[in-house]
1. Counting only residues that are free of Cβ contacts under 8 Å to residues at least 40 places away in the same chain and among the acidic types (Asp, Glu), which one in the range 201-236 is most open to solvent (accessible area, probe 1.4 Å)?
2. Return the total of residues in the range 114-132 being more than 15 Å from SER45 (Cβ to Cβ) and part of a helix (DSSP H, G or I).
3. Six or more apart or on different chains, Cβ atoms under 8 Å: show the pairs whose first residue is in the range 122-133 and free of Cβ contacts under 8 Å to residues at least 24 places away in the same chain and whose second is among the hydrophobic types (A, V, I, L, M, F, W, C) and outside any loop (DSSP other than H, G, I, E, B).
4. Which condition breaks for LEU168 when tested against (1) open to solvent by less than 20 Å² (accessible area, probe 1.4 Å); (2) farther than 30 Å from GLU136 by Cβ; (3) modelled with pLDDT of 90 or more; (4) not basic (Lys, Arg)?
5. With the requirement that a residue be at pLDDT 85 or above and open to solvent by less than 20 Å² (accessible area, probe 1.4 Å), what does the range 114-128 give you?
6. Report whether or not SER111 is at pLDDT below 90 and outside any loop (DSSP other than H, G, I, E, B).
7. Working only within the range 78-99, note down all residues that are in a helix (DSSP H, G or I), over 21 Å from GLY209 (Cβ atoms) and open to solvent by less than 50 Å² (accessible area, probe 1.4 Å).
8. Please go through the range 187-200 and pick out each residue that is over 34 Å from the mean Cα position of the chain (by Cα) and open to solvent by 90 Å² or more (accessible area, probe 1.4 Å).
Amino acid sequence: MSLPVWLREGCVIVASILLAFGIDAQWELSRDSADAEVLLELLRSDFAATVAEAERVYANHAGGLHAAEQLIFMAEDDALTPADASRVDRHLSVMMVSGASFDPPLGTVRSLIQSGRLSQVADPTVTAMLTAWPSEVEDLKQQEDSFSSSFGALAKALTAMGIRVDWLVATDHVGGEIGPLPWKSHATESWRHLDDPNLSMALANYWLGMRFTVIAAEQRLERSKEILSALEPTER
């Protein structure tokens, strides 16, 4: 027994509608998948740059910490002579330019968090790391800001002893970003004053502040590497 014409036509219409909905749904899924891959690629690019930035900042801070340690050791253990002038100046100059600021790209992460789309591009573990990342960056920035007073205290202590702080800028430590200085640098008498109580206090405060800053910078470096690794595509 054949179905009535109106019923057959109705079935065709319903089937056509369902097919259209199915095609639209498949298209949306395909488009969402393509969008997610684009966003993932943006995140990978941002965190590749972040790792490079974190390595730069960590090396800069670690250089200042090492220089402070060396000066403290020299003040404690050595009977310094004029022959030590260049070595003392070199360590001080590295310390004076070791205040890098951590400035990773955060636009993609913040946009995804604010739009609520972060869960579309990463699994829950990675989503949690990405959600926490801006706050972790801000923590390091606050540590760097709180440490900045140590630079002023060190410069003030040196200036009070008649040391030309402008002679202690090591352009080779910061690369070609500064370029040649418009003044001549000369050896200073800093080596004579390492046992001065005011300078000793400034060195100790610098070391303590930089120690915490280096720890924070290293943690951000390791976390940025961890996130980048988690964002890499997995083989199927």
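1. GLU235
2. Residues meeting the conditions: 13.
3. THR127/LEU118; THR131/ILE113; THR131/LEU118
4. (3)
5. VAL126
6. Details: at pLDDT below 90: yes; outside any loop (DSSP other than H, G, I, E, B): yes.
Yes, satisfied.
7. Those that are in a helix (DSSP H, G or I), over 21 Å from GLY209 (Cβ atoms) and open to solvent by less than 50 Å² (accessible area, probe 1.4 Å): ASP84, ALA85, ASP89.
8. Hits for the range 187-200 are ARG192, ASP195, PRO197.
The values are calculated or read from the model by the stated rules, or taken from the named source; none is laboratory data. Every value quoted in this text rests on a predicted model; they were computed, and no experiment measured them. Positions of Cβ are backbone-derived with ideal geometry, glycine not excepted, and every protein chain shown enters the neighbour counts. Side chains are part of the model used for accessible areas, which takes the heavy atoms of the whole protein and leaves out ligands, DNA and RNA. Shrake-Rupley method; radii C 1.70, N 1.55, O 1.52, S 1.80 Å.
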